[in-house]
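Every read-out reported here was derived from the displayed coordinates using simple, explicitly stated rules and does not represent laboratory data. Quick caveat, the model's predicted, so the values are computed rather than measured. Cβ placement follows ideal geometry from the backbone for every residue including glycine, while neighbour counts extend to all protein chains displayed.
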């Protein structure tokens, strides 16, 4: 095996010591790995705007096509905490290199998928291999850099974590429009190969311990798969299928609970646990994980809701949506630079407080939308949201990962990133359910208002009569004209009800982030001193 050979021939003298490594080499390694992470995160949402084309191309049903997204997310969620174990067993170099190579191969396979079943299988492989790159970059960045340079790591990776999923639908839509949906996967080939080769050639900061693979706790692995994959399935499919009233979702929830029970038992009592929970002994890390769960909820829910509003209410295409939400990325770049500079000079509680207040205020501004809002009206709320989120992310990453080194740093990175992904999955599932429920409630309120208020009822009657007359001039059939007018009025009511539902959700999220300020006093006033990274034997 190549890994066993690498383990035998790699000596301590052949490892690169981060303390003496040239700064340019450090940034090159980190840049290559960050780009690999960007690819993995981009592909989470790259299929979103091309679902209809993929469904038609693979002759898939509407229930089947959702698994193109769900399978990726389920597999990715399992790999994120598992990657720490694999990094110890294979070394950071080979884990990231093999992950990038298999991610590239699975992208090719997705592009050549011949039916929906093959696509689902290849997307699961793509998500599983891509998931290994996400926490590995964080751990490697904190190993390579110290001092003020380390503050840039969460800032840069925070931008990648936010921008990549946000740009995914736009990039996928543009590629599908200009070429073919299969090219949203083929575009990964050349960058994936470049990342693979560069990482294998440049990265030598630890040695593999292949013997760990022989001691793997398979019960722990199965329990983790049941827990995380089952939870992701419930969160992804629940809003679409009436949650636990659906038998399959109820079974998925039961499996997740059983898996979680065995996962915790194995984590404490296994001789070789796949995921070590020891980082939670650190108060700062435990608090940062809770905070990251909240950030993930707001981050991914807002990324999901604004494009959904633009597409569903305004009828924007993928290009129009992309140009409207792109301003968030611009403000995030500014916020990244600001946060990276402030974190070394200002109490992080102040930075987090400013971030939470700005995010909450941006949600409150967005909660006053009308069905005519577009780029101009959303500009200020989106700029404020982009500025705020990095002021939350950068201090939380430093809070979580400072003070860890070696294997424990890898496990801490995996668990921390898992919490943000879980927060995002919960956020999207909850807000989707709220949107459906609130829309129904608002539609009923509008109907009641029209029926109870004589003036409103008269106005609605006049509008219906005008629409009927207009339709009658086209179809020359009073019955059909009446049906057409009723349909148009129904669409208008539904549009306004949905707009009010979006507003209610943004208002609730604003309150949530204001309440999150209660956690700030417990975040500590300083960053723990980081232990010097050591090579593992």
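Please find the FRET efficiency linking residue 254 to residue 218, where r is the Cβ-Cβ separation and R0 is fixed at 30 Å, and quote it to the nearest 0.05. Don't jump to the answer; show the numbers that get you there.
Numbers: r = 21 Å, r/R0 = 0.71.
So the FRET efficiency works out to roughly 0.90.
If each residue's Cβ is checked for other Cβ atoms within 10 Å, how do 492, 299 rank with the fewest at the top? All intermediate terms of the calculation are to be shown ahead of the outcome.
Working: 492 15, 299 25.
So the residues, fewest neighbours to most, are 492, 299.
Here is the P(r) of the stretch 201-323: all C-alpha pair distances, binned every 10 Å from 0, give 11, 22, 30, 23, 12, 2 in whole percents. Computed from the C-beta positions of residue 265 and residue 17, the FRET efficiency with R₀ = 22 Å rounds to 0.05.
Based only on other Cβ atoms within 10 Å, what is the fewest-to-most ordering of 287, 185, 30? Don't skip to the answer; put the middle values down first.
Values: 287 17, 185 26, 30 21.
Arranged by neighbour count, lowest to highest, 287, 185, 30 become 287, 30, 185.
Spin-label pair residue 197-residue 357: with each label point 7 Å from Cα along the Cα-Cβ axis, the two points sit 5.2 nm from one another. Working from label points 7 Å from Cα in the Cα-to-Cβ sense, the residue 146 to residue 334 distance is 3.6 nm. A simple packing score, the average count of other Cβ atoms within 10 Å per residue, orders the peptides 152-165, 195-208 as 152-165, 195-208, with the highest score first.
Is the stretch 1-215 best put as rounded, prolate or oblate by its Cα gyration tensor, with a ≥ b ≥ c the root eigenvalues, rounded for a/c under 1.5, and otherwise prolate when a/b is larger than b/c, oblate when not?
Values: a/c = 2.38, a/b = 1.70, b/c = 1.40.
Prolate.
Calculate, for residue 117 and residue 25, the FRET efficiency according to 1/(1 + (r/R0)^6) with r their C-beta to C-beta distance and R0 41 Å; round to the nearest 0.05.
Details: r = 44 Å, r/R0 = 1.08.
That gives a FRET efficiency of 0.40.
Potential lengthening of the chain between residue 108 and residue 242 amounts to 44.7 nm, from the contour at 0.36 nm per residue minus the alpha-carbon distance.
By the beta-carbon count within 10 Å of each Cβ, the least crowded to most crowded order of 495, 420, 266, fewest first, is 495, 266, 420. Using only the Cα atoms of the stretch 270-351, build the gyration tensor, take square roots of its eigenvalues as a ≥ b ≥ c, and label the shape rounded, prolate or oblate: rounded if a/c is under 1.5, else prolate if a/b is larger than b/c, else oblate. Cα axes put the stretch 270-351 in the oblate bin.
Take the Cα of residue 433, step 7 Å toward its Cβ, do the same at residue 281, and the gap between the two points is 3.7 nm.
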